[in-house]
Every structure is written in structure tokens, then in C-alpha cells.
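Notes to accompany the following structure.
The values are calculated or read from the model by the stated rules, or taken from the named source; none is laboratory data. Everything numeric in this text was worked out from a predicted model, so none of it was measured. Cβ: placed from backbone, ideal geometry, glycine included. Neighbour counts: every protein chain shown.
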């Protein structure tokens, strides 16, 4: 039979390998460090409550006259003089500007000459008609000839009347070379200077007439339907402590401004109490005021961005852990946000330290050490005033 050789490890090496493996396992176990626990964060809390919310939107406006006339010459020509100055008070009939009258005077003289010629022709036709009537009475001329003479006289009379009307019109044109104020008021703009050639009807001077005053301002497109004609508007001056006036909406623009997409609103106010013309004022439409509406308000420091929306951290008092709660913000008012959805009264919300928290993280209520020193005991209320920010 053939001889078979079997390789066997020496008996002394097997226990050595086992001891080496046990030692390596012991070293690996010693090198493992225990898992670190997540730190407990100190946070500020507030208890959610429903509070009345008052909103009175205010819009900057300007005091204007209800009637502002853009005065211009009724004829074209070269501006010779301008007596009106910006901001000047003018009276009815006061001269504001003048055109060069030379061409207009020549037109008047030409019309006078035409009227004189037409008068001569009319007088001649009238004398001829008188003679032909005598001849007709003696049957020296026919009836047809008499009718022609009468028609000739009527034509001459009509031409004379026409020339007189043209002369009167030219006289009026010459008078239009002087621009006067129709009513008392204040000059608010000057659009032409001496030496400038203007066409008929081109505005030269703008005058804000004395009388009723308007406060003019613009409202956003989404709020314009709420501002109705006749609704009340409170108006106050720019300077602090000025008296508040009450006005009524007189006019709302039918279409939005193509650039700003806002609607112009005009509010009639008492002229005797209104600020100076052109003064900056602030208008509060009563129709846009929200007084006493119950809402939930949070300090903006409690909000954080979560995906496309906003969220807050809500405390679970039993486990002293926080969870993320999505919310819908209706509007912001200074350092406070009005919450439309997502919260209920009684919930405790983190208002400071929101950016260092994670879902399920344990927290503790922040205790003010200064309050502890002064009061002798640390008091950490679960609710703080809305609007307190992160320190």
C-alpha cells in the first residue's frame, strides 16, 4: 500500500493563535467609544394665544386742488412776456403772459380794409337799387331787371355782413394774445418761456384754483375694489402731532397705472383745514382697516424656512422634545408674524434658538441668570411676550 503523508500543525501553535485572536478582540473592544448623546439645548418658549389684531394701512399722498386749469393761448405765436411765476397767487383777470401782437394787428387791419370795401359795394348797390325802383315805377325797365338789381343789393349786403364778422373775429384773435387768469388761484407750473413759439392751446401756465381740495394717493391693485366712492378716509399731515382730518373718497381711477399697477384715489377734504397745496400727507382708508380681528401672532424669530414654506418648533411637554410644525404666514407686522394656519391656542412654540434644533431633540427652558440674581430664585415661564427675539 502506498504511504500517505498528512500535514498537521504543531500542537503548540493552536493555543497561541487562539490567544492572539482573543487579545485582538479585546483591543478592538477597548478602542470603541460609547455613542455621544445629543446635547440638551436651552430654548425660549411662548404659549400660543389668540389676540386681537388691528391693521390700518397708510398711504402717502399729496394735497391738490380739485380744479387745476392748464391755461394756454387761443392763438399761436411767439411768447413776448411771462408775468406769472411758480407759486405766485393770482387774481381773476390778472395777466399771466403775452404773445407778440404784430401779426395779429396786421390781420385786424386787413379785416378792417375788407369791411370798408364791402361797405362801399353795399352802398353802391343800395343807391342803384333806389334809382331802378324809380325807373320801374315809370315802366322804363322790365320786372326781370328789377329783380337782378335787388339780388345784387342783397349779395352786397351779405358780403358786408361777412366782412364785419371777420373783423370782429380778428379783433378777438388780437385780444387772445394776452393770457389772463379765469379765477383766483396759485400758479403750480410754468410750461413756456419768453421767446418760445407756441401753438394754439399749448399749456403755458397751470393754476390751481381756490376752493375744494383733494388728497391724492395710490392703492395697490388688490385693495382698490375695497375703496369705494363715499367711504371715509382719515388724513394726517407729515409732521408729528398734526390734526387728523376726515375726508370722503370722491374718485377712484377706472384703470390701473400701466407702470405701477396702482389705482389713483382722490379724497375730498375741507379746504379751510387742509394742509398747504402740494403738502405730503398720509391717508388711512377706513375700508381697509381691520380692528379687533382675532389672530395668532408669533415673533419672527420663531419662524424658519422648511422647504417651500415656513415652520416652527413645537414643544412636547411630556418628553421635553421638539417637533417641526408647518405654518402658514398671513402677514408680517414689524417683528411679529400673523399665523393663518398650523397652530392652536395652548401650544408651546420655541422663539429663540430655532436654527440649532433637530426633530426629537431634548430641550430645556432657558433661565435668565440676571432674573435669578435679582429675584433670588430662577423663574422660567413657559410663555413669554410675543415679539421677544433670540439673544
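Brief remarks follow.
- Top-ranked residue in the stretch 132-146 [being in a helix (DSSP H, G or I) and surrounded by fewer than 11 Cβ atoms within 10 Å (Cβ to Cβ); ranked as nearest to the chain's Cα centre (by Cα)]: 144
- Any chance residue 322 is surrounded by 14 or more Cβ atoms within 10 Å (Cβ to Cβ), under 15 Å from residue 42 (Cα atoms) and modelled with pLDDT under 90: no
- The lone exception for residue 39 - which of (1) touching a residue at least 24 places away in the same chain (Cβ under 8 Å); (2) over 30 Å from residue 296 (Cα atoms) it fails: (1)
- Sub-6 Å Cβ pairs linking a first residue in the stretch 248-259 that is more than 21 Å from residue 213 (Cα to Cα) to a second residue that is crowded, with 16+ Cβ neighbours inside 10 Å, at least 6 apart or interchain, are 256/263, ordered by first then second residue.
- Scan of the stretch 237-249 for residues that are outside any loop (DSSP other than H, G, I, E, B) and within 17 Å of the chain's Cα centre (by Cα), ordered by number: 249
- Test for residue 371: is it assigned to a helix (DSSP H, G or I), farther than 30 Å from residue 62 by Cβ, outside the structural domain of residue 266 (by TED's automatic domain parsing) and at pLDDT below 90: yes
- Set side by side, the residues 302, 291 differ, and just one is at pLDDT below 90 and over 20 Å from residue 63 (Cα atoms), which is 291.
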